[in-house]
Amino acid sequence: MNGFFNIDKPTGMTSAAVVAVMRRLTGEKRVGHAGTLDPEAAGVLPIMIGKAARLFDYLVDKQKEYEAVIAFGTRTDTQDATGQVLETGDHYPPLERVRAMARTLEGTIVQRPSMYSAIKVGGKPLYSLARRGETVEVPERLVRIDGIEVLREAPDHGAALRVRCGKGTYIRTLCEDLGKACGCPAHMRSLTRTRSGFFTLDTSMTLEQARTWAEDGSLEDHLIAPDAPLAHLPRMDAPAWLGKWVKAGARLELSSLRGDAPEEAGITRLYLENQFWGILEREGEALRWRAQIAPEGGASEAEA
C-alpha cells in the first residue's frame, strides 16, 4: 500500500497508538502520521502508508480547523480539563463579550503554550520534563489565527468555538488567552480537529471502520492516492519517450516536459503516462528528484 488513510482519532488515544493500529491492520512497516494530535483531542489524523511517508514535507498542513469548547471559571496548568487548577473566577463573560474578545486574537499572535505540550527544549518534549517535576521557560511562538467563530453557549459556563488557524497553533493556549482577554480564567474543555489541509472530518474513517474493512479485505479500497493531497502543487508531464530517464531517477530538462514549470528552487509533481511519479525541484532549466514514488510496476526508485 502507498497512500493515506484519513483517520478520525478518538479521544484518549495517542497519535502513536493510532499508527500502531494501522500498522497491524495494513501489514505495512512504513506507517506514520502527519500532524500530531494530543491524546485528549479527537478528529482528523492523516496516516501515511508506505512510500507516501516521503511526501510529508509537501502536504498542505498549514490550514487547520478545530471545534473546541472553552470553559470559563478555572485556569489549569495543562490549559485543558486534565490539569490541576491554578486559578478560579466567577466573572463569567456573556457570549457577545466572548465574540468581541475573540476578534482581538485573530491575525498573527504570540503564544506561550503550557509545560504540558509537545514542544521540545533541549531535544526533549516539555511534557516529559513537566512529569518529572522540572520547570523551564516555555518559549513563545508566533502563530496565525485566521478566524475564531463563537458558535453557541455550552453547559457549565462554556462556549463552543470554531477556529481556523495555521500550523503549530495550540488551541488550549488560545482558550486560556481568550479567558484572560474576557477577564475570567478559562481552559479548554474539549477539542476536535475537523480539517488538516486536504483531509477533513467528513471524509474520515473511524478505527472501528478500518478494522472491519481490514477483516473483510476491503481496507485498501479506502486508501487515498499519494498525489491526492498535492493538488496545490504545479504539475508537469513527461512524454513516453522520457520513461527510461524518469524511472532511473535522472535529472530532467524542462524543455522536454509539458505543464507549468515551477519557479527557481520551486517544486512540482511529475506524471508519466498520467501516473504520478513523485516530486521534483527546479534547478536552473532542469528538475532534480526530491521524492520518487514509483507506481506499482515501476522501476527502481531514486530520492534526493
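The values are calculated or read from the model by the stated rules, or taken from the named source; none is laboratory data. Note that the coordinates shown come from a computational prediction; the quantities given were computed from them, not determined experimentally. Note that each Cβ is placed from the backbone with ideal geometry, even for glycine, and that neighbours are counted across all protein chains shown.
Worth a mention:
Residue-wise test of (1) within 23 Å of GLU176 (Cβ to Cβ); (2) assigned to a loop (DSSP other than H, G, I, E, B); (3) touching a helix residue (DSSP H, G or I) at 6+ places or on another chain (Cβ under 9 Å).
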residue: PRO46; (1), (2), (3): no, no, yes
residue: ALA53; (1), (2), (3): no, no, no
residue: PHE56; (1), (2), (3): no, no, no
residue: GLU65; (1), (2), (3): yes, no, yes
residue: THR78; (1), (2), (3): yes, yes, yes
residue: GLU87; (1), (2), (3): yes, no, no
residue: PRO93; (1), (2), (3): yes, yes, yes
residue: ARG97; (1), (2), (3): yes, no, yes
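- Top-ranked residue in segment 119-136 [being in contact with a strand residue (DSSP E or B) (Cβ under 9 Å, 6 or more places away or on another chain) and closer than 26 Å to ILE70 by Cβ; ranked as surrounded by the most Cβ atoms within 10 Å (Cβ to Cβ)]: LEU126
- In segment 217-227, the residues that are of a type in the set (Asp, Glu) and part of a strand (DSSP E or B): none
- Boolean, LEU287 is hydrophobic (A, V, I, L, M, F, W, C), in contact (Cβ under 8 Å) with a residue 40 or more places away in the chain and in the same structural domain as MET48 (by TED's automatic domain parsing): no
- Candidates are the residues of segment 175-205 that are out of contact with any helix residue (DSSP H, G or I) (no Cβ under 8 Å at 6 or more places or on another chain) and of a type in the set (S, T, N, Q); the one that is nearest to ILE7 (Cα to Cα) is SER204.
- Counted residues, segment 3-12 - those being surrounded by fewer than 21 Cβ atoms within 10 Å (Cβ to Cβ) and either small (Gly, Ala, Ser) or more than 16 Å from the chain's Cα centre (by Cα) (or both): 2
- Residue count, segment 280-292 (criterion: over 18 Å from GLY243 (Cβ atoms), touching a Phe, Trp or Tyr at 6+ places or on another chain (Cβ under 9 Å) and crowded, with 19+ Cβ neighbours inside 10 Å): 1
- Condition check for ALA214: over 13 Å from GLU67 (Cα atoms), in the same structural domain as LEU151 (by TED's automatic domain parsing), among the aliphatic types (A, V, I, L, M) and not in a loop (DSSP other than H, G, I, E, B): no
- Residue match in segment 60-77 (condition: touching a strand residue (DSSP E or B) at 6+ places or on another chain (Cβ under 8 Å), at pLDDT below 90 and not basic (Lys, Arg)): yes
- Test set (1) at pLDDT 95 or above; (2) aliphatic (A, V, I, L, M); (3) within 20 Å of GLY3 (Cα to Cα) - ALA53 fails condition number: (1)
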